[in-house]
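The values are calculated or read from the model by the stated rules, or taken from the named source; none is laboratory data. For clarity, every value in this text was computed on a predicted model and none was experimentally measured. A quick note on method: Cβ atoms are made from the backbone with ideal geometry, for glycine too, and the neighbour counts reach across all protein chains shown. Protein only, heavy atoms only, side chains kept; ligands, DNA and RNA dropped before computing areas. Shrake-Rupley method; radii C 1.70, N 1.55, O 1.52, S 1.80 Å.
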Amino acid sequence: MSRPTEVTYDYIKQRIMEGDYKPSQKLNESELSEVIGVSRNTVKKALLKLEQENLVLIETNKGARIKSFSLEEIINYLEIRETLEGLIAKTAAPHMTEERLLLLDETFEQMKGHLENNRFDEYSKCNQTFHAIIYEASTNQQAVEMVNKIKNQLKRLQIKTILIPGRTQDSLKEHQKVLNAMKSHDGNWAEDAIKHHIAQVRKALAENYTFLV
């Protein structure tokens, strides 16, 4: 991507991720061109890239709008993610170095501290870091790539799960089990722990879908 297209892509994607742009919301190329300070052609290129990532839907004679997902689609994506995360964790556990384990442990302690002080945004950031450390240790980077695509598509929803009463406390317990499994270098245990975590995320989203969308 050219620099202007990259800037435009990042601008729109960030607003999708943060929920500034809502599901099914139309995106006006002329307005985006004016706001970002780029040509309409640059906006078109950025939107095409976002369509490839399934974040934007472009329809002939209707233009672009933010992709919205049905509950069934969300559940399907999370079922796929659960399987892939299990594979990632299983291949990562035997390759967790002392340095990575230290980072994982430190990140978990930060998560605990943020939760105790109701800093939910910071908790979410550390949550992402926690998983990223595991991804780096995995020998199956193709699975990591696929998981990251799914996470990007559902990020605006998953961020909101911190608003579900009790979910963050449960999430912390689930991450503790994953951490223990990684420290043991037991691939099967790690696989079970991470799959249970994603299953709980899926359950929380399914039970609170109308509240979250």
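I'd like to know if the range 18-28 contains one or more residues that are over 15 Å from the mean Cα position of the chain (by Cα), part of a helix (DSSP H, G or I) and surrounded by fewer than 19 Cβ atoms within 10 Å (Cβ to Cβ).
No: zero hits.
What are the pairs, 6+ residues apart or on separate chains, where a residue within the range 25-49 that is free of Cβ contacts under 8 Å to residues at least 24 places away in the same chain and farther than 14 Å from Lys62 by Cα has its Cβ under 8 Å from a residue that is open to solvent by less than 90 Å² (accessible area, probe 1.4 Å) and in a helix (DSSP H, G or I)?
Hits for this filter: Ser33/Thr42; Ser33/Val43; Arg40/Glu29; Arg40/Ser30; Arg40/Ser33.
For the range 89-100, state whether one or more residues are of a type in the set (Lys, Arg), open to solvent by 20 Å² or more (accessible area, probe 1.4 Å), in contact (Cβ under 8 Å) with a residue 12 or more places away in the chain and over 30 Å from Arg40 (Cα atoms).
yes
Residue check: is Asp10 without any contact (Cβ under 8 Å) to a residue 24 or more places away in the chain, of a type in the set (D, E, K, R) and not in a helix (DSSP H, G or I)?
So Asp10 does not fit the description; no.
Filter the range 127-152 for residues that are assigned to a helix (DSSP H, G or I) and open to solvent by less than 20 Å² (accessible area, probe 1.4 Å) and give the result.
Phe130, His131, Ile133, Ile134, Tyr135, Ala137, Ala143, Val144, Val147, Ile150
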